[in-house]
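Engineer: Dropping the structure in here first, questions after.
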Amino acid sequence: MPRSRLGHLAIESKLGDHPSTSSVWRAVHVQLKKSVAVKVFAAPFGGTPEARKQFAEEWERLKPLSHPCVAKCYGGGFEETDAYLAYELIEGETLSSQIERAGRLSWENALEIGQGLAEALEYLHAQGVVHGAIEPDKIVIAGFSPVLLDLRTDRFGSPFRTSRPPSPDQIARMAPEILGANGSYTANQVTPSGDLYSLGALLYHAITGRLPADGDNIEQIRQNTIHTVPPSTASIVMQCPVWFDKLIMQLLEKAPTSRPPNATAVKLALAEVRKRALSRTGVAEHVSSGFSPLQVTNQREKDEARTLLGRGVVDLEAAEEEDEIPDATVWHDQPWFLLGG
């Protein structure tokens with residue numbers, strides 16, 4: 001951006017993990033002496049009057065939204081051929097940088113992040129807002145809490161949006177129903193359920209260090225995202241509790257109807273994971289202590305745990321038959337031989 005001012009904002013420097021490709025700037029409101037983050041959108045000839053009106057309505061809708069885990073939008077404006085949105089400046093390291101530096105996070109850390117994001121999504125969805133881009137580089141870890149950045153109400157339909165094509169990583173994180181031909185977005189399929197899928201992809205990546213879909217090119221990644229079920233989280237990281245693994249894999253279901261019904265359900269499920277995990281009974285600990293499905297009380301959970309550990313579901317009747325102790329008496333001491341003699 002060649003200019004140094006946007007309305008009342010004095011532009012300072014670029015923000016983001018990769019500033020050369022970022023469209024977000026650190027700026028200072030000249031009158032209020034307040035630092036903000038500004039996202040700038042270029043539009044040919046500054047956009048049509050209808051597009052400007054639509055964009056102004058968007059920032060007016062964003063301004064009242066307030067949640068501890070969501071960066072607040074202060075409004076927006078136009079300057080010649082540029083449009084912009086001003087957000088609360090959140091200082092801290094992005095989740096993307098943390099994963100890149102460490103390779104992967106502990107499941108406890110991922111659980112903490114997931115709970116904060118689930119609460120943020122619960123609030124946004126209740127307000128009728130779908131984020132549409134739950135990605136590690138849009139999450140800043142401020143203190144011990146995650147903060148979701150870049151809030152939009154119409155991320156894919158607005159004329160003021162990024163012109164860059166989606167990256168392979170973005171394709172791997174998107175809900176299958178959103179992906180159109182060649183990795184394009186299907187804007188009318190951007191729903192709260194898609195946010196939940198992206199949350200699952202984020203937790204999967206944070207814990208395992210890998211994305212739920214991969215491939216040699218974007219089209220292959222797109223096909224794998226739509227059709228291929230990734231390996232379970234706990235099969236890659238054995239310390240991950242079975243209950244956390246089960247939730248993440250449910251979030252990554254291909255059909256929206258198979259995912260949790262809403263962010264509130266995810267928040268409650270994460271709280272249940274935390275409650276159960278207080279006993280520190282991860283999968284690896286089950287294995288090292290001679291895990292038995294009898295250690296859990298629900299038969300369905302027993303079967304799922306055995307399948308996860310590669311032992312398969314137990315047929316109880318067959319097991320009882322197999323558990324019968326064979327008669328080891330030699331043949332010449334058997335009753336039938338003695339009686340016959």
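Engineer: Could you give the alpha-carbon Rg of segment 80-223 over 2.2 N^0.38 Å, rounded to two decimals?
Structural biologist: Rg over 2.2 N^0.38 Å, computed on Cα atoms: 1.04.
Engineer: Would you mind checking which residues have amide H under 5 Å from Lys34's amide H? H placed 1.01 Å from N; only 5 or more apart, or other chain.
Structural biologist: Under 5 Å from the amide H of Lys34: His29.
Engineer: Using DSSP to define loop residues, name the GluC sites (Glu not before Pro) in segment 80-143 whose beta-carbon has at most 11 other beta-carbon atoms within 10 Å.
Structural biologist: Loop-located and lightly packed - Glu80, Glu91.
Engineer: Let me have the relative contact order for segment 80-238, percent, based on Cα pairs under 8 Å that are six or more residues apart.
Structural biologist: 25 percent
Engineer: Please list, in order along segment 239-256, the HN-Hα scalar couplings obtained from phi with the Karplus expression 6.51 cos²θ - 1.76 cosθ + 1.60 (θ = phi - 60°), rounded to whole Hz, x for Gly and Pro.
Structural biologist: 6, 5, x, 4, 6, 5, 4, 4, 5, 4, 5, 5, 4, 8, 4, 5, 8, x
Engineer: Quickly work out the Thr264-to-Arg61 label distance, labels modelled 7 Å from Cα along the C-beta direction, and quote it in nm with one decimal.
Structural biologist: 2.2 nm
Engineer: What residues have an amide H closer than 5 Å to that of Gln127, excluding those fewer than 5 places away on the same chain, when H is modeled at 1.01 Å from N in the peptide plane?
Structural biologist: Amide H to amide H, under 5 Å and 5 or more residues apart or across chains, Gln127 pairs with nothing.
Engineer: Evaluate E = 1/(1 + (r/R0)^6) for Thr257 and Leu32, where r is the Cβ-Cβ distance and R0 equals 56 Å; express this FRET efficiency to the nearest 0.05.
Structural biologist: 0.75
Engineer: Something else: Need one number: nm distance between label points at Glu80 and Arg52, each 7 Å from Cα along Cα→Cβ, rounded to one decimal.
Structural biologist: 1.6 nm
Engineer: Between Leu278 and Thr191, take the C-beta separation as r, use R0 = 45 Å, and let me know the FRET efficiency to the nearest 0.05.
Structural biologist: 0.85
Engineer: Enumerate the calculated ³J(HN,Hα) couplings along segment 151-160 in order (Karplus 6.51 cos²θ - 1.76 cosθ + 1.60, θ = phi - 60°), each rounded to whole Hz, writing x wherever the residue is Gly or Pro.
Structural biologist: Running phi through 6.51 cos²θ - 1.76 cosθ + 1.60 with θ = phi - 60° gives 6, 9, 9, 9, 5, 9, x, 6, x, 9 Hz.
Engineer: Next question. Solvent-accessible area per residue for segment 89-234 at a 1.4 Å probe radius, Å²?
Structural biologist: 40 Å²
Engineer: Report, in listed order, any pair from Lys63/Lys267; Lys14/Lys39; Lys254/Lys275 with a Cα-Cα distance greater than 21 Å.
Structural biologist: Too far apart for the 21 Å limit: Lys63/Lys267; Lys254/Lys275.
Engineer: I need the calculated FRET efficiency for the pair Ala102 and Asp214, taking r as the beta carbon distance and R₀ as 25 Å, to the nearest 0.05.
Structural biologist: Taking R0 as 25 Å, the efficiency between Ala102 and Asp214 is 0.80.
Engineer: Which whole-Hz couplings ³J(HN,Hα) result when phi for each residue of segment 213-222 is put into the Karplus expression 6.51 cos²θ - 1.76 cosθ + 1.60, θ = phi - 60°, listed in order with x for Gly and Pro?
Structural biologist: Values per residue, Gly and Pro as x: 9, 9, x, 7, 8, 4, 5, 5, 5, 4 Hz.
Engineer: Amide H neighbours of Gly77 under 5 Å, counting only residues 5+ apart in sequence or on other chains, H built in-plane at 1.01 Å?
Structural biologist: When sequence neighbours closer than 5 places are left aside, the close amide H contacts are Tyr84.
The values are calculated or read from the model by the stated rules, or taken from the named source; none is laboratory data. In this text, all values refer to a predicted model and were calculated from it rather than measured experimentally. Cβ: placed from backbone, ideal geometry, glycine included. Neighbour counts: every protein chain shown. Please note that ligands, DNA and RNA were not included when accessible areas were found on the heavy atoms of the full protein model with its side chains. Shrake-Rupley method; radii C 1.70, N 1.55, O 1.52, S 1.80 Å.
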